[in-house]
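Peer 1: Below you will find the structure I want to go over with you.
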Amino acid sequence: MQTFEVNFDGLVGPTHNYAGLSFGNLASEKHRGIVSFPKKAALQGLEKMKRLCDLGLQQGVLPPQPRPVFSFLRQVGFTGSESQIIARAAAEAPQLLANAYSASAMWVANAATISPSADTRDGRVHFTPANLVTTLHRSLEPARTAGILRQIFADPEKFVHHAPLPGHAFFADEGAANYARFSAGHGLPGVEMLVYGRNAEGGVLPKRYPARQTRAACDAIVRHHRLNPEKTLLVPQNPEAVDQGVFHNDVISVANEMAFFYHEDAFVDTPAVVGHLEQMLGRALRSMCVTRAQVSLAEAVDTYLFNSQLVTLPQGGMALIAPMECRRSKVVSTFLEELVAAGDNPVTAVHYCDLRESMQNGGGPACLRLRVVLTQKELAAIHPHVLVDDTLYARLVAWVDTWYRDVLHPRDLADPALAQES
């Protein structure tokens with residue numbers, strides 16, 4: 001049966017702003033307080049979705065979550081009408097208001113961890129929404145995310161939905177941003193790799209920034225998804241990389257089928273990780289290691305080279321969907337030109353996307369998408385109106401043009417009209 005990898009991108013919400021809420025995300029911190037452009041951000045994201053459609057790939061879209069989160073503001077003591085709540089929060093606790101207004105659900109790589117039916121013992125697709133407890137603004141998302149996923153993937157014979165893991169730091173879970181899958185083809189059984197930064201016992205922790213994913217969360221997902229332990233690999237992040245801005249694994253490595261594109265500083269013991277994968281997958285694994293001499297860790301973080309999407313093209317070969325920042329960097333653009341020209345790896349093309357609005361908040365191409373591997377029957381069973389085609393693309397572009405603000409100043413979060421518009 002034909003099987004597809006469907007990239008579901010989050011549609012950027014109308015309250016896209018730069019509040020600098022993500023400690024450890026260097027771009028988020030660097031651009032705190034600057035003016036944002038919600039309409040441009042949403043259109044840039046939609047253009048990327050359309051680009052993948054034009055390449056012949058299956059593309060889906062997930063809706064923005066309602067903002068601000070008034071239930072959260074009421075929970076922390078603000079009362080009255082919605083306008084009164086906004087006015088009080090803006091005057092007394094603007095940081096809490098910024099959390100309530102965050103459009104971070106656009107980065108759906110963090111939305112959930114998903115295991116395809118080829119890997120699970122019951123032959124169904126398993127979903128576990130991430131609890132995102134490490135940051136306040138993202139911890140407001142899981143319940144809504146779970147509801148959206150249940151609506152789109154509703155057939156219980158084909159899809160299994162688990163509740164988010166317990167909302168405690170011990171089970172901190174950041175979703176598919178710390179997950180990779182290897183297989184000889186999307187529809188064939190594969191090896192699932194889950195990456196963590198913090199263990200219950202032992203291990204070296206980052207010194208400056210938090211390790212967002214725990215080993216306990218990875219173990220729980222393996223159990224929930226009924227994965228074969230012999231076909232799973234749990235790998236510790238390099239804490240020194242975390243301290244340089246690698247807050248998720250998808251900032252430093254990406255996998256697709258048998259291709260593995262990674263930096264030599266990605267893991268505590270990168271050669272050992274690759275060795276384990278070779279033992280599990282055989283010589284078919286196509287490793288593409290980027291050394292410090294080729295691209296420094298700082299340059300990789302600054303350009304989000306590894307936050308590119310690595311996709312299989314219908315006509316054969318693979319393409320990197322890279323942010324425009326990679327083209328602007330002489331070091332990275334030269335490396336990518338040489339990678340494609342070499343001809344000894346699966347990457348046959350690089351497509352650059354302008355995602356500057358998202359990038360300035362710390363989210364590249366891979367942050368904006370959630371990968372879901374579906375058989376033809378599973379694809380036919382999902383909610384049909386989330387799959388992007390020319391018609392849906394045109395409708396969403398028109399909707400964004402009509403309703404989104406061109407410019408959003410930080411002070412605009414105190415404007416009750418923004419809540420009404422949203």
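The values are calculated or read from the model by the stated rules, or taken from the named source; none is laboratory data. Treat the numbers as computed from the prediction; the structure is a model and nothing was measured. Here the Cβ positions follow ideal geometry from the backbone for every residue, glycine too, while neighbour counts run over all protein chains shown. In case anyone asks, the SASA skips ligands and DNA or RNA and just uses the protein heavy atoms, side chains included. Shrake-Rupley method; radii C 1.70, N 1.55, O 1.52, S 1.80 Å.
Peer 1: Please give the contour-minus-distance gain from residue 88 to residue 280: 0.36 nm per residue of separation, less the Cα-Cα distance, rounded to one decimal in nm.
Peer 2: So the chain would gain 63.4 nm between residue 88 and residue 280.
Peer 1: For the chain, set up a GNM with springs between Cα atoms under 10 Å and report which of 116, 314, 63 has the largest fluctuation.
Peer 2: 314
Peer 1: Sort out the exposed loop GluC sites (Glu not before Pro) in the chain (DSSP loop, at most 13 other Cβ within 10 Å) and tell me the longest stretch that has none.
Peer 2: 202-422
Peer 1: Only sites in a loop by DSSP and with at most 12 other Cβ atoms within 10 Å count here; which trypsin sites (Lys or Arg not before Pro) in the stretch 101-196 make the cut?
Peer 2: Sites meeting the loop and neighbour criteria: 121.
Peer 1: Continuing with the same structure: Name the shape class, rounded, prolate or oblate, that the alpha-carbon gyration tensor gives for the stretch 232-383, where a ≥ b ≥ c are the square roots of its eigenvalues, rounded holds for a/c under 1.5, and otherwise prolate holds if a/b is larger than b/c and oblate otherwise. Present the calculation step by step, with values, prior to reporting the outcome.
Peer 2: On the way: a/c = 1.30, a/b = 1.11, b/c = 1.17.
Since a/c stays below 1.5, the shape of the stretch 232-383 is classed as rounded.
Peer 1: Ok, one more. What is the helix-to-structure angle for 390-403, meaning the angle in degrees between its Cα long axis and the longest Cα principal axis of the chain, kept from 0 to 90 and rounded to the nearest 10?
Peer 2: Approximately 30 degrees, to the nearest ten.
Peer 1: Where the accessible area of the stretch 1-158 is counted over protein heavy atoms with a 1.4 Å probe, how much of it, in %, is carbon and sulfur?
Peer 2: Numbers: 2980 of 5790 Å².
Here carbon and sulfur together make up 51 percent of the probe-accessible area.
Peer 1: Given (1) 32, 23, 23; (2) 38, 24, 22; (3) 32, 29, 20 as candidate values of semi-axes √(5λ) of the Cα gyration tensor in Å, which corresponds to the one derived from the coordinates?
Peer 2: (1)
Peer 1: If you don't mind, there's one more thing I want to ask. Considering the chain as a Gaussian network with a 10 Å cut-off on Cα pairs, which listed residue, 341, 89, 319, attains the greatest mean-square fluctuation?
Peer 2: 341
Peer 1: Provide the FRET efficiency to the nearest 0.05 for the residue 330-residue 272 pair, computing r from the beta carbons and using R0 = 25 Å.
Peer 2: Working from the Cβ atoms, E equals 0.15.
Peer 1: What does the charge add up to near residue 104, with Lys and Arg as +1, Asp and Glu as -1, over the other residues with Cβ less than 9 Å from its Cβ?
Peer 2: For residues surrounding residue 104, the net value is 0.
Peer 1: Read phi for every residue in the stretch 318-332 and hand back ³J(HN,Hα) as whole Hz from Karplus 6.51 cos²θ - 1.76 cosθ + 1.60, θ = phi - 60°, with x for Gly and Pro.
Peer 2: In residue order, the calculated couplings are 10, 10, 9, 9, 10, x, 4, 4, 5, 5, 6, 8, 4, 5, 6 Hz.
Peer 1: Quick one: pull the percent of accessible area on the stretch 383-422 belonging to carbon and sulfur, 1.4 Å probe, ligands and nucleic acids left out. Show your work: numbers first, answer last.
Peer 2: Details: 1410 of 2540 Å².
Of all accessible area on the stretch 383-422, carbon and sulfur atoms account for 56 percent.
Peer 1: With +1 on each Lys and Arg Cβ and -1 on each Asp and Glu Cβ, how big is the dipole of the chain about its Cα centre, in debye rounded to the nearest 20?
Peer 2: Using Cβ point charges on Lys, Arg, Asp and Glu, the chain gives about 540 debye.
Peer 1: Could you give the size of the charge dipole of the stretch 182-251 about its Cα centre, using +1 on the Cβ of each K and R and -1 on the Cβ of each D and E, expressed in debye and rounded to the nearest 20?
Peer 2: So the magnitude is around 160 debye.
Peer 1: Also, I was wondering about something else. Looking at the stretch 173-266, send over the antiparallel percent of its DSSP beta bridges, to the nearest 5. Numbers along the way, then the final one.
Peer 2: On the way: 8 of 14 bridges.
Just about 55 percent of them are antiparallel.
Peer 1: First check a/c for the stretch 220-322, with a ≥ b ≥ c the square roots of the eigenvalues of its C-alpha gyration tensor; if it is under 1.5, answer rounded, and if not, answer prolate when a/b is larger than b/c or oblate otherwise.
Peer 2: Judged from the Cα gyration tensor, the stretch 220-322 comes out oblate (a/c at least 1.5, b/c at or above a/b).
Peer 1: With runs of 4+ DSSP H residues as the only contributors, calculate the mean residue ellipticity of the chain at 222 nm using -39,500 (n - 2.57) per run, divided by the residue total and rounded to the nearest 500. Could the numbers behind the result be given before it?
Peer 2: Values: 17 runs with 142 residues, N = 422.
Taken over the chain, the calculation gives -9000 deg cm²/dmol.
Peer 1: Picking from 288, 413, 249, whose Cα lies most toward the positive end of the charge dipole for the chain (charges on Cβ: Lys, Arg +1; Asp, Glu -1)?
Peer 2: 413
Peer 1: Let me ask something else. Measure nothing but the geometry: give the 0 to 90° angle between the long axis through the Cα atoms of 38-54 and the longest principal axis through the Cα atoms of the chain, rounded to 10°.
Peer 2: Value to nearest ten degrees: 30.
Peer 1: Could you report the stretch 1-73's accessible area per residue, 1.4 Å probe, as an integer in Å²?
Peer 2: For the stretch 1-73, the solvent-accessible area averages 34 Å² per residue.
Peer 1: In the Gaussian network model of the chain, springs joining C-alpha atoms below 10 Å, which of 163, 342, 184 carries the largest mean-square fluctuation?
Peer 2: 342
Peer 1: Given a Förster radius of 30 Å and the C-beta distance between residue 337 and residue 2 as r, what FRET efficiency does 1/(1 + (r/R0)^6) yield to the nearest 0.05? Present the calculation step by step, with values, prior to reporting the outcome.
Peer 2: Working: r = 34 Å, r/R0 = 1.12.
My answer for the efficiency is 0.35.
Peer 1: First compute the accessible area of the stretch 280-349 with a 1.4 Å probe, then give the percent of it belonging to carbon and sulfur atoms.
Peer 2: Here carbon and sulfur together make up 52 percent of the probe-accessible area.
Peer 1: Further question on the same structure: Sum up the charges of everything whose Cβ sits under 11 Å from the Cβ of residue 280, counting Lys and Arg as +1 and Asp and Glu as -1, but leave residue 280 out.
Peer 2: So the environment of residue 280 carries a net charge of -2.
Peer 1: While we're looking at this one, here's another question. What angle, in degrees between 0 and 90 and rounded to the nearest 10, separates the Cα long axis of helix 82-92 from the longest principal axis of the Cα atoms of the chain?
Peer 2: 80 degrees
Peer 1: What does a probe at residue 403 reach in the stretch 124-167, counting residues whose amide N is under 20 Å from the point 7 Å along Cα→Cβ?
Peer 2: From the stretch 124-167, the list is 141, 144-149, 151-152.
Peer 1: Now a separate question. About the Cα centre, and with charges only on the beta carbon of Lys, Arg (+1) and Asp, Glu (-1), how big is the dipole of the stretch 1-56? Nearest 20 debye, please.
Peer 2: Using Cβ point charges on Lys, Arg, Asp and Glu, the stretch 1-56 gives about 260 debye.
Peer 1: Now, a different point. Of the options 163, 217, 197, report the single residue whose Cα projects farthest towards the positive end of the charge dipole of the stretch 160-235 (beta-carbon charges: Lys, Arg +1; Asp, Glu -1).
Peer 2: 197
Peer 1: Further, regarding this structure: Considering only DSSP beta bridges with both partners in the chain, what is the antiparallel share in %, to the nearest 5? Can you show the working numbers first?
Peer 2: Details: 27 of 51 bridges.
The answer is about 55 percent antiparallel.
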